[in-house]
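Structure, as structure tokens:
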Amino acid sequence: MHIKEVAKQLNTTSRSIRYYEQKGLISPKKEANNDYRTFSETDILRLSTILALREVGMSLEKIKHVLHNPNMSMNDYLNVQRSALFEKWMEMKDMIGTIDKMIAQTADGQYSATEIFELSQHLKNLKGLRKNWEDKWNFDKQADGYDQNIKMAGYRFNVHQDYEKALSKAADMVRLENNDICADIGVGTGNLGARFLHQGVNVIGIDQSEGMLKVCREKHPDIETRKGHFLALPLMDQQANSVVSSYALHHLPDSEKLLALEEMSRVLTDNGQICIVDLMFQDEAHRSQVINRFRVERNTEAIYAIDDEFYADQSKLTNWLEENDFSVKTHRFNDILSMIYAVKN
Ligand SMILES: C[S@@+](CC[C@H](N)C(=O)[O-])C[C@H]1O[C@@H](n2cnc3c(N)ncnc32)[C@H](O)[C@@H]1O
């Protein structure tokens, strides 16, 4: 087939096709005497893939990887692209929300430049928070050994004490029906999400680590895995009947935790449930008391481990939830591990 026919068949232009050729994405045969391009069936299929991926916003550089990298499947790349689109969507939502406020403030023809500037700075801060998180623990590297490490006992400070008990309690608390959607954020290898599968629930496991998602898929093929971040969940508004999360939120600095709750609330249906099992203190006084005790006991492992992560202040999380119309229950497993269960009213 010649270029014009191909362009017509694929609803594109000859110019775009030549551009993809110039960028090395396709290489149709050229006739020696007149430079005419002949497109085989394979070329056309490849071209249709390129066009489809361009339409969902993938860069040419990424598309090149999709076409040439045997280690990652098309599905993996689409997953990454969806996550990037959700991040952009959240950024657009933040910007539109800010513009709404600016319009309201300027509606009567008068406005305070300081207030408008403050709104813009709030937006700037929000954009920074959503983008700045980085995985300093290298979860991709931890993925293969993760389940084994949970079982290791005998440390002077064992964050996984009561792990099984806590996950079971979370699975008992959350009431779901057949075909409901349960999003497990920071799903890791799927240990919490899998506890909902037998109820006929659709479990969506979300994680920033592709390594963890891979192990999760291998262990629990019925969990749908999605690459994504606490602060830009790859879910539509009101899509999930419940959001659960175990041992993940404490990787977010305090400045990001309330934004994470806001994100959970965004994706929840009315009467949706949040269940968080995580390392946290009851409040600041409790934090000081526990850390002081470790100091007295000269338990440097404990002090180092707590310093390395961002154990929450439970009272701040529950206050936010109550202020945002959730009914909240809490349960404490030990000095550093608690559960927050909240229902959206
Ligand atoms: C300690 S593991 C817990 C895994 C699992 N939920 C469990 O209970 O065994 C923490 C997981 O949270 C994920 N995680 C940490 N911060 C995250 C973030 N900001 N967004 C999404 N996932 C995150 C990590 O990649 C990792 O898989």
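For this structure, a couple of remarks:
- Among the helices (runs of 4 or more DSSP H) confined to region 34-133, the ones with at least 2 residues that are under 30 Å from Leu261 (Cβ atoms) and aliphatic (A, V, I, L, M) are located at 74-106, 113-132.
- So Gly186, is it crowded, with 24+ Cβ neighbours inside 10 Å and either among the aliphatic types (A, V, I, L, M) or touching a helix residue (DSSP H, G or I) at 6+ places or on another chain (Cβ under 8 Å) (or both): yes
- The condition of being surrounded by 12 or more Cβ atoms within 10 Å (Cβ to Cβ) and either over 30 Å from Glu309 (Cβ atoms) or in contact with a helix residue (DSSP H, G or I) (Cβ under 6 Å, 6 or more places away or on another chain) (or both) holds for only one of Leu85, Leu123, that being Leu123.
- Set Glu262, Glu256: member being more than 10 Å from the ligand (Cβ to nearest atom) and of a type in the set (D, E, K, R): Glu262
- Taking the criterion of being of a type in the set (Gly, Ala, Ser) and under 30 Å from Met212 (Cβ atoms), the residues of region 31-87 that qualify are Ala52, Gly57, Ser59, Ser73, Ser83, Ala84.
- Of the residues making up region 211-229, those that are out of contact with any Cys (no Cβ under 7 Å at 6 or more places or on another chain) and not in a helix (DSSP H, G or I) are His220, Pro221, Asp222, Glu224, Arg226, Lys227, Gly228, His229.
- Of all residues in region 249-263, those that are farther than 13 Å from Lys316 by Cα and in contact (Cβ under 8 Å) with a residue 60 or more places away in the chain have Cβ atoms under 8 Å from Cβ atoms of residues that are of a type in the set (Ser, Thr, Tyr) and more than 10 Å from the ligand (Cβ to nearest atom), 6 or more apart or on another chain, in His250/Tyr311.
- Within region 149-176, considering residues that are of a type in the set (A, V, I, L, M, F, W, C) and assigned to a loop (DSSP other than H, G, I, E, B), the one modelled with the lowest pLDDT: Ala153
The values are calculated or read from the model by the stated rules, or taken from the named source; none is laboratory data. Bear in mind the structure is a predicted one, so any value in this text is a computation, not a measurement. Note that we place each Cβ from the backbone using ideal geometry, even for glycine, and neighbour counts take in every protein chain shown.
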